[in-house]
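Here is the structure we will look at.
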Amino acid sequence: MILGDSLSAGYGMRVEQGWVALLAQRITAQGYLHRVVNASISGDTSAGGLARLGQLLADVRPQFTVVELGGNDGLRGVPLDELRRNLDEILAQLCAAGSEVLLLPMKLPPNYGPAYTQGFEQIYRDLAAKHGVLLGLFILEDIALKPELMQADGIHPTAAAQPLILDRVWPLIESALRAKTRDQT
């Protein structure tokens, strides 16, 4: 399951062009029998993801979850304690439900000031360590500063960037899929 915001919902493009749809295709092509559920909503915040999580866990019962939330919290200047609480509870619920988790950290533009941006980024490192979950890389690293890979708003990646995003997250996802497959045999 992918629990994310517009970066995973495929904002500004056809759904099949987004990295999550490409992930589903790759999983099938690689012979894995896992189903991908994209529970991402454009504009979602950590509070929104947390509010939806209970029902998602009941409906989907994910073995593996990618959490890609927090960017909208940061862009809105949500207090860091609130973001920390929400992500902490999301990770706690996912772990309690038996889902492995890949937490994708977000980054903010420097105009939010060093105290906020550094504190924001530290939340992801702290919570990944606290819950013993995988910590990925910022999915727009090496993408966000290339205008040809970003939509006109400067926030959302283009369809051309989606395979690059998938390649950034794939090694950790594939490693978890391989481990799950070994455990089931």
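The values are calculated or read from the model by the stated rules, or taken from the named source; none is laboratory data. If you're wondering where the values come from, they're calculated on a predicted model, not measured in any experiment. Ideal geometry is used to build each Cβ from the backbone, glycine not excepted, and the neighbour counts take in all protein chains shown.
Answer with yes or no whether Tyr116 is in contact with a helix residue (DSSP H, G or I) (Cβ under 8 Å, 6 or more places away or on another chain), more than 23 Å from Leu177 (Cα to Cα) and among the hydroxyl-bearing types (Ser, Thr, Tyr).
Here the answer is yes, as Tyr116 does meet what is asked.
Here is a list: Ala97, Ala176, Ala160. Which entry is aliphatic (A, V, I, L, M), in contact with a Phe, Trp or Tyr (Cβ under 8 Å, 6 or more places away or on another chain) and more than 17 Å from Leu69 (Cα to Cα)? Steps first, please.
Numbers: Ala97 fails: in contact with a Phe, Trp or Tyr (Cβ under 8 Å, 6 or more places away or on another chain); Ala160 fails: in contact with a Phe, Trp or Tyr (Cβ under 8 Å, 6 or more places away or on another chain).
Unique residue meeting the criteria: Ala176.
Being within 14 Å of His156 (Cβ to Cβ), among the charged types (D, E, K, R) and surrounded by 18 or more Cβ atoms within 10 Å (Cβ to Cβ), is that true of even one residue in region 20-28?
no
Residue-wise test of (1) acidic (Asp, Glu); (2) at pLDDT below 95; (3) more than 24 Å from Gln122 (Cα to Cα).
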{"residue": "Glu141", "(1), (2), (3)": "yes, yes, no"}
{"residue": "Ala144", "(1), (2), (3)": "no, yes, no"}
{"residue": "Leu149", "(1), (2), (3)": "no, no, yes"}
{"residue": "Ala159", "(1), (2), (3)": "no, no, yes"}
{"residue": "Gln162", "(1), (2), (3)": "no, no, yes"}
{"residue": "Ile165", "(1), (2), (3)": "no, no, no"}
{"residue": "Val169", "(1), (2), (3)": "no, no, no"}
{"residue": "Lys180", "(1), (2), (3)": "no, yes, yes"}
{"residue": "Thr185", "(1), (2), (3)": "no, yes, yes"}
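Please work out which residue is farthest from Pro62 (Cα to Cα), limiting yourself to region 12-33 and to residues that are of a type in the set (D, E, K, R) and outside any loop (DSSP other than H, G, I, E, B). Show your work before the answer.
Let us first name the residues in region 12-33 that are of a type in the set (D, E, K, R), namely 14, 16, 26.
Narrowing the set further to residues that are outside any loop (DSSP other than H, G, I, E, B) leaves 16, 26.
On the way: Glu16: 21, Arg26: 18 Å.
Filtering first and then ranking leaves Glu16.
What is the number of the single condition among (1) in a helix (DSSP H, G or I); (2) surrounded by 23 or more Cβ atoms within 10 Å (Cβ to Cβ) that Ala58 does not meet?
Here Ala58 clears every test but (2).
What single numbered condition from (1) touching a residue at least 60 places away in the same chain (Cβ under 8 Å); (2) of a type in the set (Gly, Ala, Ser); (3) part of a helix (DSSP H, G or I) fails to hold for Gly74?
(1)
I need the full set of residues from region 104-116 which are touching a residue at least 12 places away in the same chain (Cβ under 8 Å) and either more than 26 Å from Glu174 (Cβ to Cβ) or touching a Ser or Thr at 6+ places or on another chain (Cβ under 9 Å) (or both), in order please.
So in region 104-116, the residues touching a residue at least 12 places away in the same chain (Cβ under 8 Å) come out as 104-108, 112, 116.
Once the filter is applied, which keeps residues that are touching a residue at least 12 places away in the same chain (Cβ under 8 Å) and either more than 26 Å from Glu174 (Cβ to Cβ) or touching a Ser or Thr at 6+ places or on another chain (Cβ under 9 Å) (or both), region 104-116 yields Leu104, Lys107, Leu108, Tyr112, Tyr116.
Kindly list, by first and then second residue, each pair from a residue in region 32-48 that is at positive phi and surrounded by fewer than 17 Cβ atoms within 10 Å (Cβ to Cβ) to a residue that is part of a helix (DSSP H, G or I) and hydroxyl-bearing (Ser, Thr, Tyr), limited to pairs with Cβ atoms under 9 Å and residues at least 6 apart or on different chains.
Final answer for the pair search is Gly43/Ser6.
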